[in-house]
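Notes to accompany the following structure.
Where a number appears in this text, it was derived from the coordinates with a stated rule and is not lab data. Here the structure is a predicted model, which means the values were calculated and not measured. All Cβ positions, glycine included, derive from the backbone under ideal geometry; neighbour counts span all protein chains shown.
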Amino acid sequence: MSFEAKKKRKLALWQAYSQLYYDDKIKASVESEWPTRRARLLQEAVAGEKEPSLAAPLWFRTEVTKALFEVESQEVKDEVEKHRAEGGDGEGDPPSDCDDESARRIAKAWGYHR
């Protein structure tokens, strides 16, 4: 049995893009597009099916993120690739607007993933 740390995989480009730009570029699109998609899902729903959540689910956020990344400028794509190559893995300092309790929770959560 080996106790060596596993080598981390690189993020997919769209995941690195999400890390860098979710709040600035992706979140607004997700929030504006989800109500329309949700309404369409409700219309197409079969009786007894679970109703889609009010908040955009992960599969939808992923779909929007991938679509936005595809149409980004080459400059942004290069920055994302650089972040990915430098080992951008989601770990790091908590957001600057984060209170002490939230910062502790974030650090504890990352501890579980190590």
Task: For region 33-42, Karplus couplings with θ = phi - 60° (6.51, -1.76, 1.60), whole Hz, Gly/Pro x - done: 8, 4, x, 5, 5, 4, 4, 5, 4, 5
Task: Under Karplus coefficients 6.51, -1.76 and 1.60, residue-wise ³J(HN,Hα) of region 19-30 in Hz, glycine/proline x - done: 4, 7, 10, 4, 5, 7, 10, 9, 3, 4, 5, 4
Task: Per DSSP, loop trypsin sites (Lys or Arg not before Pro) in region 18-52 with at most 13 further Cβ within 10 Å - done: 50
Open item on the list: On a straight-distance basis, which lysines could pair with residue 10 in a cross-link, Cα separation under 26 angstrom, same-chain partners fewer than 8 positions away excluded?
Closed with: 25, 27, 66, 77, 82, 108
